[in-house]
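Enquirer: One structure coming up, written as structure tokens, with questions to follow.
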Amino acid sequence: MAEQAKITSLEALEYFRQRLIVFQSKAQQVLDEVRDEIKRTRNWLQLEQPRYWETEFRKRRIKLEQAEAELMTARFSEFMDSPVSRQMAVRKARESLTEAETKLRKLKMWSSEFEGQVTPYLMKLERIRTWLTEDLIKANSFLHRAQITLEDYADATTPMTAEQINQRPASSEEAAP
């Protein structure tokens, strides 16, 4: 007869299986957080920021128009010494408007590049999610079946003590006189 397996700790197998379940749960939470962060970033980049900078662009264009109108008024006014302060206000408003235009242009560029940059990572995340939801569940089930099998094997190969033999119910052949 072949040698018996030496089962030393079924508890270690159960502990590993429990830790595997905890790992699976935590890993799925992390993947959900990453997916949510990508959605937030996409929303920020494609909706919130363009809306903000389009509003800023309109406000800054109005400020530039006001500053230019004040400069024209100052040039035609006989009471003003020098329109230098008005010229500086126009220059400042023009720079501010240029900044808003630049931001809008960059946002459009980043928005178009975002999907191309993020898509490969999203595909990898989905592969990990599939591994977590399919393969780890199969592994957990396998470990559980192995644990049951090993417990049954350990129970079957454990020699009975004299006390256990005496407590065993008598079979019908042993009971007959």
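The values are calculated or read from the model by the stated rules, or taken from the named source; none is laboratory data. In this text, all values refer to a predicted model and were calculated from it rather than measured experimentally. With ideal geometry, Cβ positions are generated from the backbone for all residues, glycine too; neighbour counts draw on all protein chains shown.
Enquirer: Answer yes if at least one residue in region 97-111 is surrounded by 15 or more Cβ atoms within 10 Å (Cβ to Cβ), touching a residue at least 60 places away in the same chain (Cβ under 8 Å), in a helix (DSSP H, G or I) and not aliphatic (A, V, I, L, M), and no otherwise.
Expert: Yes, region 97-111 has at least one match.
Enquirer: May I pose another question? Which of the residues spanning region 123-150 are closer than 12 Å to R35 by Cα and exposed (fewer than 13 other Cβ atoms within 10 Å of the Cβ)?
Expert: Correct list: M123, K124, E126.
Enquirer: Among the residues of region 5-15, is there at least one that is touching a Pro at 6+ places or on another chain (Cβ under 6 Å), modelled with pLDDT under 95 and over 25 Å from L136 (Cα atoms)?
Expert: No, region 5-15 has no match at all.
Enquirer: Further question on the same structure: Given the structure, is R51 surrounded by 11 or more Cβ atoms within 10 Å (Cβ to Cβ), of a type in the set (K, R), closer than 30 Å to D36 by Cβ and free of Cβ contacts under 8 Å to residues at least 12 places away in the same chain?
Expert: no
Enquirer: Scan region 45-75 for residues that are over 30 Å from K108 (Cβ atoms) and either aliphatic (A, V, I, L, M) or modelled with pLDDT of 90 or more (or both) and report the count.
Expert: Qualifying residue count for the region: 4.
Enquirer: So which residues in region 76-91 are part of a helix (DSSP H, G or I) and either surrounded by fewer than 12 Cβ atoms within 10 Å (Cβ to Cβ) or at pLDDT 95 or above (or both)?
Expert: Correct list: F76, V84, R91.
Enquirer: Which residue, of E163, E126, is modelled with pLDDT of 90 or more and of a type in the set (D, E, K, R)?
Expert: Residue meeting the stated conditions: E126.
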